[in-house]
Amino acid sequence: MPLALFALTLSAFAIGTTEFVIVGLIPTIAEQLNVSLPSAGLLVSLYALGVAIGAPVLTALTGKLPRKWLLVGLMALFTAGNLLAWQAPGYESLIVARILTGLAHGVFFSVGSTIATGLVAKEKAASAIAIMFSGLTVALVTGVPLGTWIGQQFGWRETFLVVSALGVIAMAGSLLLIPSNLPKGAASSIREQLSVLTKKPLLMVYAKTALGYGGAFTAFTFLAPILQQVSGFGANAVSLILLVYGVSVAVGNIWGGKLADKMGPLPALKLMFGGLALILLMLTFTAPHPVLAVLTVLVWGAFAFGNVPGLQVLVVKQAEIHTPNAVDVASGLNIAAFNVGIALGSVVGGFVVDHLGLMHTPWIGALIVLLAYGLTHVSEKREAKLALAV
C-alpha cells in the first residue's frame, strides 16, 4: 500500500477524534453549559449536518483544485473550526464551530476515498478505503477515550485544543506525504453533478448508508449516559469502555474491508447490517448488567464501521457506471448520507430519550438498521437478476 495512504489515515484520525469525542463529552457539556442531554446531543446532529452540506456541495465546487493543496486547505479549515470550539463562549458558538469543522470533514472523506482507490489496483480498492478509514477507528481506540478523559478532567474546551494540535500534525503529513501530481477531479457540469441524484442504484446506496448509520447513532449518541445511568459506570470507566469499543471497531473495519474484497460489497453489507441490528437489540437487555453491557459494546464495535469499505466501494463502482464524470460528487454524497443518518439518528435518539427513555434507543435503532438490511437484500437480488440476464 502506498505511503500516501498514511497521510490520508493521519487526517482521518484527527477528523474521527473530533467527530466522535463529542459522544463521550455529552454529559459533561450538558452539565457545564446548563443544557439538556438531547440539546447536547444536537452537537452530534449539527456537526453531521455540516458534513452533509459540505460533502456534495464543496466537493463539486473544489473539483478543479489540485488534490494535495485541497487536502492541506481542508485540514487548515478543520483546525480553525476546533480552535473556535476551544474558545466558544457558549452553546450557540459551539454549534457554529461544529458545523464549520463538519464542512471540512465532508470534503475530505469524499475526495480521500477516490484518491485512496486510485492509488491501488482495483482488487484492493476496499482494503485501501479500509486503511484510510482506519484513521477513524484508531481515533475511536485512542483519540476518543483520551479526549473524553481530558474533557472530564480539565474541561471540554481543552479537548478541542488538543484536537486542533492533531489537525496541525495532519496538515504537515499531507504536505510531506501526499504527491503533488495527483490527478484533479473529473470536470463535470452542474447537470452531470445533479444527475447523481437521479440514478436509482446510487440512491439505493445512499439510503442503505443513511439507515445503517441512523439506526446505530440512535443509540450510540447516548451511549455515555446509558453506561453511566443504566449500567452504573463512573465517568472514568466510560472512557475505558470507549477504548474497548474503539479497539473492536479497528478490528471490524479491516475485517469489513477484507470481507467486501472477498465476498463482494452486497453480501458483506448484509452480514454487517444483520449483525449490527442484532447487537443493538441485545443492548436493550444487557445494559443493566455491567459485564454483559461491556461485552455487548465490544461486539457492537466489530460491526459498527465494518460496513464503511463496502458502502464506499459500492458507491464508487456504481458512479463509474452511471455518472463517470461525477465520481467525486457521488462519493461526496455518500459521505453526506453517512452524516444525514448520524444527524437523523441522534435527533430520533433525543426524541426517544425525551418521550420514552434512554433504554428505548437501542431497540428502535435496531429496527432502523433492519431497513438497511432489507434494502441490501433487494439490491443483491436485483444484481443477481441482471447477471442472469447478461
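Checking P309, P288 one by one, the residue that is surrounded by fewer than 24 Cβ atoms within 10 Å (Cβ to Cβ) and either part of a loop (DSSP other than H, G, I, E, B) or modelled with pLDDT under 85 (or both) is P288 and no other. Report whether or not V238 is farther than 22 Å from P27 by Cα and modelled with pLDDT under 90. No.
Could you please find all residues in the stretch 1-43 being within 30 Å of S180 (Cβ to Cβ) and under 16 Å from the mean Cα position of the chain (by Cα)? Answer for the stretch 1-43, where residues must be within 30 Å of S180 (Cβ to Cβ) and under 16 Å from the mean Cα position of the chain (by Cα): L8, T9, L10, S11, A12, F13, A14, I15, G16, T17, T18, E19. Screening A366, A384 for residues that are surrounded by fewer than 24 Cβ atoms within 10 Å (Cβ to Cβ), part of a helix (DSSP H, G or I), out of contact with any helix residue (DSSP H, G or I) (no Cβ under 9 Å at 6 or more places or on another chain) and at negative phi leaves exactly one candidate, A384. Please indicate, with yes or no, whether at least one residue in the stretch 67-88 is open to solvent by 20 Å² or more (accessible area, probe 1.4 Å) and closer than 16 Å to V340 by Cα. No: the stretch 67-88 contains no residue that is open to solvent by 20 Å² or more (accessible area, probe 1.4 Å) and closer than 16 Å to V340 by Cα. Scanning the stretch 350-363 for residues that are at pLDDT 90 or above, within 30 Å of I99 (Cβ to Cβ) and open to solvent by less than 90 Å² (accessible area, probe 1.4 Å) yields V352, V353, G357, L358, H360, T361, P362. Being closer than 30 Å to G357 by Cα and modelled with pLDDT under 90 is a property that holds for L243.
Inspection of the stretch 332-349 identifies no residue that is closer than 24 Å to T296 by Cβ and surrounded by fewer than 20 Cβ atoms within 10 Å (Cβ to Cβ). Looking across the stretch 89-109, the residues that are among the hydroxyl-bearing types (S, T, Y) and either surrounded by fewer than 23 Cβ atoms within 10 Å (Cβ to Cβ) or over 28 Å from L177 (Cα atoms) (or both) come down to Y91, S93. For the stretch 26-39, the condition of being surrounded by fewer than 24 Cβ atoms within 10 Å (Cβ to Cβ), under 26 Å from A250 (Cβ atoms) and of a type outside the set (V, I, T) holds for at least one residue. Among residues of the stretch 96-109 that are aromatic (F, W, Y), those with a Cβ under 6 angstrom from a residue that is open to solvent by 10 Å² or more (accessible area, probe 1.4 Å) and in a helix (DSSP H, G or I), sequence gap 6+ or separate chain, pair up as F108/L74.
Note on the stretch 228-259: residues that are under 19 Å from A125 (Cβ atoms) and either in a loop (DSSP other than H, G, I, E, B) or open to solvent by less than 10 Å² (accessible area, probe 1.4 Å) (or both) total 4. Against the definition (surrounded by fewer than 19 Cβ atoms within 10 Å (Cβ to Cβ) and closer than 25 Å to F6 by Cα), how does A139 come out, yes or no? No. I need the full set of residues from the stretch 260-285 which are open to solvent by 30 Å² or more (accessible area, probe 1.4 Å) and among the aliphatic types (A, V, I, L, M), in order please. Residues satisfying the conditions are M263, L271, L278, L281, M282. The helices (runs of 4 or more DSSP H) found entirely in the stretch 141-214 that carry 1 or more residues being at pLDDT 85 or above are 144-154, 156-177. Among the residues in the stretch 47-60, are any open to solvent by 20 Å² or more (accessible area, probe 1.4 Å) and at pLDDT 85 or above? Within the stretch 47-60, not a single residue is open to solvent by 20 Å² or more (accessible area, probe 1.4 Å) and at pLDDT 85 or above.
Could you please find all residues in the stretch 11-56 being hydrophobic (A, V, I, L, M, F, W, C) and without any contact (Cβ under 8 Å) to a residue 12 or more places away in the chain? The answer is A30, and nothing else. Residues in the stretch 116-136 that are surrounded by fewer than 24 Cβ atoms within 10 Å (Cβ to Cβ) and either touching a Lys or Arg at 6+ places or on another chain (Cβ under 8 Å) or without any contact (Cβ under 8 Å) to a residue 40 or more places away in the chain (or both): A121, K122, S127.
The values are calculated or read from the model by the stated rules, or taken from the named source; none is laboratory data. All values reported here derive from a predicted model rather than from experimental measurement. Positions of Cβ are backbone-derived with ideal geometry, glycine not excepted, and every protein chain shown enters the neighbour counts. These accessible areas exclude ligands, DNA and RNA; they are computed on the full protein's heavy atoms, side chains included. Shrake-Rupley method; radii C 1.70, N 1.55, O 1.52, S 1.80 Å.
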